[in-house]
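Below is one structure, written out as structure tokens; comments come after it.
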Amino acid sequence: MILPGGKTVYVEMKAPGKPLAPLQERWKRKLLKLDQRHYKIDSAEDIERFIDEVRDI
């Protein structure tokens with residue numbers, strides 16, 4: 001997702017309770033090493049938390 005000002009965050013949308021696939025885990029690790037933000041969203045609570053965090057970026 002590209003935010004105002006050109007900042008980026010990476011989001012994985014999953015079914016409730018489902019883990020990231022191995023390839024998604026590898027990408028997550030790569031992104032975190034590059035100081036990028038990565039979010040796994042699988043619930044309404046995760047969506048609210050994501051919105052709150054991204055609003056402050």
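The values are calculated or read from the model by the stated rules, or taken from the named source; none is laboratory data. This one's a predicted model, so the numbers in the text were calculated from it and none came from an experiment. We place every Cβ from the backbone using ideal geometry, glycine too, and count neighbours over all the protein chains shown.
The set of residues from the stretch 29-47 being buried (at least 16 other Cβ atoms within 10 Å of the Cβ) and without any contact (Cβ under 8 Å) to a residue 24 or more places away in the chain comprises just one member, Asp46. For the stretch 19-57, what are the residues that are among the basic types (Lys, Arg) and either at positive phi or within 10 Å of the chain's Cα centre (by Cα) (or both)? Matches in the stretch 19-57: Lys28, Arg37, Lys40.
Residues that are part of a helix (DSSP H, G or I) and not aromatic (Phe, Trp, Tyr) were ranked within the stretch 27-40; the one that is farthest from Gly17 (Cα to Cα) is Lys33.
Of the residues that make up the stretch 41-51, is at least one among the basic types (Lys, Arg) and part of a loop (DSSP other than H, G, I, E, B)? For the stretch 41-51, residues among the basic types (Lys, Arg) and part of a loop (DSSP other than H, G, I, E, B): absent. Quick one: in the stretch 9-18, which of the residues that are more than 12 Å from the chain's Cα centre (by Cα) and modelled with pLDDT of 95 or more is surrounded by the fewest Cβ atoms within 10 Å (Cβ to Cβ)? Here the answer is Ala15.
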